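Written below as structure tokens is the structure these notes are about.
Just so it is clear, none of the values below were taken in a lab; they were calculated from the coordinates. Here the structure is a predicted model, which means the values were calculated and not measured. We place every Cβ from the backbone using ideal geometry, glycine too, and count neighbours over all the protein chains shown.
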Amino acid sequence: MDWPHDPDGDKGSEGRRKYGHAVLAKKVDEGEDFPFTVGEYVEQYGDHPVRIDYERVVSVEDIFEDIDDDTQFEDFPEFHKTAGKALREKDYWPYRLESA
């Protein structure tokens with residue numbers, strides 16, 4: 001896929017130092033961007049690359065495609081919870097909890 005910038009450059013995962021959730025969160029300014037909706041976020045960043053692990057890069061749009069565009073984020077905790085849930089549901093979260 002042709003990305004608008006290098007997934008491992010300064011605008012992406014910073015030379016593979018930042019992955020998944022960190023790449024999503026660094027696009028948001030806590031003091032200025034809230035509230036906003038999933039649709040607004042995807043409209044602005046949908047084609048941006050997100051490095052999931054050392055082998056896989058997906059788009060922001062891929063991560064949020066199953067979340068309603070009207071879902072609104074009032075603050076960073078809401079954004080983090082929704083982004084984390086979306087990453088886990090897509091199996092883009094590298095860590096697994098063991099259930100008893």
- Message: If every alpha-carbon in the chain counts as one equal scatterer, what log10 I(q)/I(0) does Debye give at q = 0.14, 0.15 1/Å?
- Response: -0.50, -0.58
- With the 8 Å Cα cutoff and a minimum separation of six or more residues, the chain has a relative contact order in percent of 29
- What is the sum of charges around THR82, taking Lys and Arg as +1, Asp and Glu as -1, for the other residues whose C-beta is under 12 Å from the C-beta of THR82? -3
- Message: Students often forget the sequence filter, so: which lysines lie under 17 Å Cα-Cα from LYS18 once same-chain residues fewer than 8 apart are removed?
- Response: LYS26, LYS27
- Message: Let me check I've understood the local charge: for GLU43, count other residues with C-beta under 12 angstrom from its C-beta, Lys and Arg +1, Asp and Glu -1. What total comes out?
- Response: -4
- Quick one: Karplus J couplings for the range 57-69, per residue in order, coefficients 6.51, -1.76, 1.60, θ = phi - 60°, nearest Hz, x for Gly and Pro? 10, 10, 8, 4, 4, 4, 5, 9, 4, 9, 9, 4, 4
- Query: Counting pairs of alpha carbon atoms under 8 Å apart in space and at least six apart in sequence, what relative contact order in percent does the range 41-94 give?
  - Reply: 31
